[in-house]
Amino acid sequence: MEFQARRPDGSLEWRRHVPFHILPDGQRFKAVHAGNGRLLGRFDTVEIAERSMRYMTEPVPHYKAK
């Protein structure tokens with residue numbers, strides 16, 4: 001989902017929710033970016049990972065910043 005967010009200076013930018021996968025990592029779990037495999041975080045439980053990642057956003061690359 002893409003949406004506009006207001007920056008602290010008052011300008012607008014397009015953002016989207018980060019696509020992610022949660023994978024086992026030993027006795028813990030890790031969240032990785034679904035597109036490029038970048039590590040986003042390590043968590044003790046799957047529930048904590050899902051709750052934390054639900055609100056993570058990133059800039060949409062095909063919209064120019066204003």
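Against the set (i) 26, 61, 12; (ii) 21, 42, 26, 11, 1; (iii) 18, 50, 26, 5, the structure's computed P(r) over Cα pairs in 10 Å bins from 0, in percent falls on (ii).
Which net charge results for the neighbourhood of F3, defined as the other residues with beta-carbon distances under 14 angstrom from its beta-carbon, given Lys and Arg at +1 and Asp and Glu at -1?
Values: positive: R6, R7, R15, R16; negative: E2, E13, E58.
Neighbourhood net charge equals +1.
Could you compute the net charge surrounding I22? Neighbours are other residues with a C-beta less than 15 Å from the C-beta of I22; K and R count +1, D and E count -1. Taking every Cβ under 15 Å from that of I22, the sum is +2.
Computed from the coordinates by the stated procedures, all read-outs in this text should not be read as laboratory data. Note that the coordinates shown come from a computational prediction; the quantities given were computed from them, not determined experimentally. For neighbour counting, all protein chains shown are included, and Cβ atoms are generated from backbone atoms with ideal geometry for every residue, glycine included.
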